[in-house]
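S.K.: What follows is a structure written as structure tokens; I'll ask about it next.
The values are calculated or read from the model by the stated rules, or taken from the named source; none is laboratory data. Since we're looking at a predicted model, the values are computed, not measured. Counting neighbours? That spans all protein chains shown, and the Cβs are built from the backbone with ideal geometry, glycine included.
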Amino acid sequence: MGDFSTELCGGTHISHTGVIGSFKILSETGIAAGVRRIEALTGDGLMHYYQETEKELHEAAKAAKTTPSSLTAKIESLLDEIKALNSENEKLKSRLAKDSLGNVMDQVKEIKGVKVLATKVLDVDMNGLRNLGDQLKDKLGDGVIVLASVQDDKVNLMATVTEEAQKKGAHAGNLIKAIASLVGGGGGGRPNMAQAGGKNPAGVAACLERVMEVVAEQLI
């Protein structure tokens, strides 16, 4: 082309560039040191590509119940709606989790002057357990909280330890490590918060009972 030759290896040779007509690069990637791969379409192949793209655009617009020219605005509107619904769903899940927990403050035990609450809640994911842990800390004050939940035959474990309880030796990460094996799992975390997953729901009761022993061992 022009005063020099730049050839795309793999294509059909042509007498002059005008024969190519339309030209569109679809991708450009590195496949080895100093070697780049360019994938492109020309001529009839490119026209077919545009026709298929236009067909897909019309199908997408039809699915979104709008026109191709308004598809972007429609998608943005749907994304905003999904975001709002997800937010509402998280609030409902949090409320249901709190309701399933019930009044558990009568389950609080005191070990060496530290309050400890270890209990099971129904069908709550890890994010929900963390939220419940924060709510229970407000009620409990200083202490240790361990929550367990079973979802789809999998166990979620979460432990949270307040600052004052940490000063007395309680450690959420070490606590979770010590009890997670009882539900067929493992995990860990920081002194103030830790989590784990497990595959043995039948071990939840023993796991929660073990909490009291581990905390007693940790406390000074």
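S.K.: Does residue 38 satisfy the condition of being β-branched (Val, Ile, Thr), at pLDDT below 90 and either touching a strand residue (DSSP E or B) at 6+ places or on another chain (Cβ under 7 Å) or assigned to a helix (DSSP H, G or I) (or both)? Walk me through it before giving the result.
M.R.: Working: β-branched (Val, Ile, Thr): yes; at pLDDT below 90: yes; either touching a strand residue (DSSP E or B) at 6+ places or on another chain (Cβ under 7 Å) or assigned to a helix (DSSP H, G or I) (or both): yes.
Yes; evaluated as a whole, the condition is true for this residue.
S.K.: What pairs come up if the first residue lies in the range 191-217 and is closer than 14 Å to residue 175 by Cα, the second is among the acidic types (Asp, Glu), and their beta carbons are under 9 Å apart, counting only those six or more places apart or on different chains?
M.R.: 192/163
S.K.: It is to be established whether one or more residues within the range 4-25 are more than 30 Å from residue 147 (Cα to Cα) and either in contact with a Pro (Cβ under 9 Å, 6 or more places away or on another chain) or at pLDDT 90 or above (or both).
M.R.: yes
S.K.: Given the conditions (1) closer than 21 Å to residue 218 by Cα; (2) surrounded by 19 or more Cβ atoms within 10 Å (Cβ to Cβ), which single one is not true for residue 198?
M.R.: Tallying (1) closer than 21 Å to residue 218 by Cα; (2) surrounded by 19 or more Cβ atoms within 10 Å (Cβ to Cβ), residue 198 fails exactly one: (1).
S.K.: Quick one: in the range 105-155, of everything that is over 27 Å from the mean Cα position of the chain (by Cα) and of a type in the set (Lys, Arg), which residue is surrounded by the most Cβ atoms within 10 Å (Cβ to Cβ)?
M.R.: Among them, the one singled out is 115.
S.K.: Restricting to the range 122-153, what's the tally of residues that are among the β-branched types (Val, Ile, Thr) and more than 18 Å from residue 185 (Cα to Cα)?
M.R.: Within the range 122-153, the first condition is being among the β-branched types (Val, Ile, Thr), and the residues that meet it are 124, 144-146, 150.
From what is left, the residues that are more than 18 Å from residue 185 (Cα to Cα) are 144-145.
Of the residues in that region, 2 qualify.
S.K.: Give all pairs with beta carbons closer than 8 Å in which a residue from the range 16-36 that is at positive phi meets a residue that is not in a loop (DSSP other than H, G, I, E, B); count only pairs at least 6 apart in sequence or on separate chains.
M.R.: Once the first residue is at positive phi and sits in the range 16-36, its partners that are not in a loop (DSSP other than H, G, I, E, B) give 21/42; 21/43; 21/46.
S.K.: List the strands (runs of 3 or more DSSP E) inside the range 75-158, counting only whole elements, that have at least 2 residues being among the hydrophobic types (A, V, I, L, M, F, W, C) and in contact with a strand residue (DSSP E or B) (Cβ under 7 Å, 6 or more places away or on another chain). Show your work before the answer.
M.R.: Values: elements: 109-111, 114-122, 143-151.
In the range 75-158, the matching strands (runs of 3 or more DSSP E) lie at 114-122, 143-151.
S.K.: Within the range 208-215, does at least one residue satisfy the condition of being farther than 20 Å from residue 138 by Cβ, assigned to a helix (DSSP H, G or I), out of contact with any Gly (no Cβ under 6 Å at 6 or more places or on another chain) and of a type in the set (Asp, Glu)?
M.R.: yes
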